[in-house]
Structure formats: structure tokens, C-alpha cells
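Chemist: This is the structure, below, for whatever I ask next.
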Amino acid sequence: MANGLRGWLAPRRDREVVTDPEQRRAIKIELWIVFLVTLGMSGLRSLLSLVDSLLAPAPLSDQKVALNVPQATADLIDLFKQLLSAVQLVAWGALGVYLLWRAGRQLRDVGLRYFRSDPLRGVGLAALIGIPGLGLYLLAYALGVSLQVVPTTLTDTWWRPIALTLSAFGNAWAEETLVIAYLITRLRQLGFGENKSLLFSSVLRGSYHLYQGFGGFVGNLVMGLVFGRIWQRTTRLWPMVIAHTLLDVVAFVGYSLLSGVSWLPK
């Protein structure tokens with residue numbers, strides 16, 4: 001049993017290291033550009049948001065942060081803006097996949113080959129991460145190291161569940177493709193060890209959740225370690241995308257149904 005666990009935790013070693021100096025320089029420049037345009041910039045902004053919250057007179061637990069907010073006063077324009085936000089997230093992830101494809105990688109090489117068992121695996125991963133994750137959030141909030149996270153402040157419109165579901169998928173697709181498939185593949189090509197690549201990826205994932213407080217950072221760091229290692233061992237990405245989508249759908253759509261529950265932060 002112990003040997004089996006060590007075998008699962010041990011990363012795969014089948015990676016190709018780029019040795020040509022020009023190609024290595026191009027990969028490094030590409031990484032900087034991609035993440036300054038996408039989630040890396042989100043991480044920097046999130047860090048500033050946390051610093052701003054820490055400088056505020058009120059403790060973190062007395063402050064709120066909303067994830068999905070209205071973007072226009074007119075209902076129809078708000079719908080279109082919500083949809084455009086989801087499209088932007090999908091485009092971010094597609095950019096990472098496209099760059100890997102242009103570099104000679106096939107979709108199956110980064111885990112985007114679909115298997116019939118992927119939905120079931122995704123549900124299992126969602127339960128594995130979601131239940132402890134909720135407990136961690138409540139603990140961090142009780143300890144005063146996290147803000148109150150409000151999943152949505154959208155008004156009760158017919159399109160709200162649709163917009164929130166698309167937002168959930170957009171977040172899941174962008175994060176899993178960029179932070180796992182794209183980033184770890186590129187770090188492998190630069191000669192990073194699997195454990196170092198995994199840690200780098202997970203810290204980045206946690207960084208753009210810093211606006212939620214330290215609990216958001218730690219929770220997403222752990223999620224990144226689990227998801228990233230599974231990808232390194234299986235090279236299957238869809239279970240992570242499905243699990244992440246389910247987690248966000250439950251958080252976004254379910255919030256309006258559970259907002260009156262007494263044990264949830266008000």
C-alpha cells in the first residue's frame with residue numbers, strides 16, 4: 001500500500017527538455033507575455049487587493065468580496081457583458097492550447113483527449129476538493145484571515161443561472177489549461193523538475209485568489225497540488241476541467257439557494 005502511494009505521488013519522467021538557447025529564450029518570453037496578459041496579471045492585481053484589504057481599518061472577516069457582479073444597468077447589456085467575460089476566459093485557455101499546438105504538441109499530449117470516464121472522475125474530484133475546501137473557507141473566515149466571499153450579486157433574472165454556469169466553465173477552462181497543461185509543459189521544456197513545476201503552478205493558482213484572503217490562497221494552492229499531480233501522472237485534463245466547473249457551479253448557482261442558511265457567513 002505504501003509503495004503504491006509513493007508510486008502515485010511520484011511524477012512521470014517522460015519530458016523533453018529544450019536545449020537550443022534561442023528556443024529556450026523564446027519559451028521564456030512567451031511565458032511572460034501569456035501570463036502578463038492572463039492569470040499572472042490577475043495574480044498581481046489580487047495581491048494588491050489583499051494589501052488594500054489588510055490596510056483597511058476593518059478586519060478581513062468584516063470585509064466582503066463579490067465574484068460575479070453586475071456589469072451594466074441595462075439588463076440585456078449586462079447579459080451580453082457577462083457572456084463576453086466568459087468568452088474571454090475561454091479565449092485565454094485556447095491561447096495556451098494553441099501555442100502548444102503551434103509548438104508541435106497534439107491535444108492528447110496535454111490531456112485534452114476525451115474519455116468516457118472523465119465525467120465520473122470529474123465528479124469524484126469535485127467531491128474530493130469541494131467538501132474539504134468549504135471547511136477550509138469556513139475555518140479561515142472564523143479565524144479572521146479571509147474575507148467573506150459572495151459568489152454572485154447578480155439580480156434574479158432568467159439568464160442568471162446560464163451566465164453563472166458559463167462563467168464557471170470559463171474559469172475552469174482558463175485555469176486548468178493555462179496553469180496546468182500549458183505552464184507545466186513549458187516548464188518541463190525548460191528543464192524544471194516535476195515537483196518544482198507543480199509547486200510553481202500551484203503557487204500561481206493560489207496567487208490570483210489572494211483577493212479572497214489567505215484562506216483563498218491556501219485552498220487553491222492545495223487544489224493546484226492535487227490537480228497538477230493527477231495531470232502529471234495521467235495526462236488527462238478534462239476531469240480537472242469538469243471538477244472545477246462543478247465546484248464553481250455549486251458555488252455560484254447554489255449560493256442564491258443557500259444564502260439564508262445560518263452557518264454560512266453573512
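Chemist: Return yes or no: is LEU247 aliphatic (A, V, I, L, M), under 21 Å from LEU83 (Cα atoms), part of a helix (DSSP H, G or I) and out of contact with any strand residue (DSSP E or B) (no Cβ under 8 Å at 6 or more places or on another chain)?
Modeler: When the stated conditions are applied, LEU247 passes them.
Chemist: Taking the residues in region 193-240 that are of a type in the set (S, T, N, Q) and in contact (Cβ under 8 Å) with a residue 40 or more places away in the chain as candidates, determine which candidate is nearest to VAL110 (Cα to Cα). Don't jump to the end; show me each part of the working.
Modeler: We begin by selecting, within region 193-240, every residue of a type in the set (S, T, N, Q); these are 195, 197, 201-202, 207, 212, 220, 232, 234-235.
Now narrow it down to the ones that are in contact (Cβ under 8 Å) with a residue 40 or more places away in the chain: 195, 207, 212, 232, 234-235.
Values: ASN195: 18, SER207: 23, GLN212: 30, GLN232: 10, THR234: 10, THR235: 6 Å.
Looking at the filtered set, the residue picked out is THR235.
Chemist: Quick check on region 190-217: of everything there that is surrounded by fewer than 19 Cβ atoms within 10 Å (Cβ to Cβ) and not aromatic (Phe, Trp, Tyr), which residue is nearest to ALA56 (Cα to Cα)?
Modeler: VAL203
Chemist: Could you grab me the full set of residues in region 119-166 that are surrounded by fewer than 19 Cβ atoms within 10 Å (Cβ to Cβ) and closer than 18 Å to ARG236 by Cβ?
Modeler: PRO119, LEU120, ARG121, VAL123, GLY124, ALA127, LEU128
Table: residues versus (1) charged (D, E, K, R); (2) touching a helix residue (DSSP H, G or I) at 6+ places or on another chain (Cβ under 8 Å); (3) farther than 26 Å from TRP101 by Cβ; (4) in contact (Cβ under 8 Å) with a residue 60 or more places away in the chain.
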| site | (1), (2), (3), (4) |
| --- | --- |
| ASP156 | yes, yes, yes, yes |
| ILE162 | no, no, yes, no |
| LEU166 | no, yes, no, yes |
| THR177 | no, yes, no, yes |
| ALA181 | no, yes, no, yes |
| ARG186 | yes, yes, no, yes |
| GLY191 | no, no, no, yes |
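Here is a yes/no grid of residues against (1) without any contact (Cβ under 8 Å) to a residue 12 or more places away in the chain; (2) farther than 16 Å from HIS209 by Cα; (3) touching a strand residue (DSSP E or B) at 6+ places or on another chain (Cβ under 9 Å); (4) of a type in the set (S, T, N, Q):
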{"residue": "GLY40", "(1), (2), (3), (4)": "no, no, no, no"}
{"residue": "GLY43", "(1), (2), (3), (4)": "no, no, no, no"}
{"residue": "LEU48", "(1), (2), (3), (4)": "yes, no, no, no"}
{"residue": "SER53", "(1), (2), (3), (4)": "no, no, yes, yes"}
{"residue": "ALA56", "(1), (2), (3), (4)": "yes, yes, no, no"}
{"residue": "ALA74", "(1), (2), (3), (4)": "yes, yes, no, no"}
{"residue": "PHE80", "(1), (2), (3), (4)": "yes, yes, no, no"}
{"residue": "LEU84", "(1), (2), (3), (4)": "yes, yes, no, no"}
{"residue": "VAL90", "(1), (2), (3), (4)": "no, yes, no, no"}
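Chemist: Among the residues of region 25-39, is any farther than 25 Å from GLY206 by Cα, surrounded by fewer than 18 Cβ atoms within 10 Å (Cβ to Cβ) and of a type outside the set (Val, Ile, Thr)?
Modeler: Within region 25-39, the first condition is being farther than 25 Å from GLY206 by Cα, and the residues that meet it are 25-26.
Adding the requirement that they be surrounded by fewer than 18 Cβ atoms within 10 Å (Cβ to Cβ) leaves 25-26.
Filter once more, keeping what is of a type outside the set (Val, Ile, Thr): 25-26.
Within region 25-39, one or more residues are farther than 25 Å from GLY206 by Cα, surrounded by fewer than 18 Cβ atoms within 10 Å (Cβ to Cβ) and of a type outside the set (Val, Ile, Thr).
Throughout, read-outs are computed from the coordinates displayed, never taken from laboratory work. Fair warning: this is a prediction, and the values are worked out from it, not measured in the lab. With ideal geometry, Cβ positions are generated from the backbone for all residues, glycine too; neighbour counts draw on all protein chains shown.
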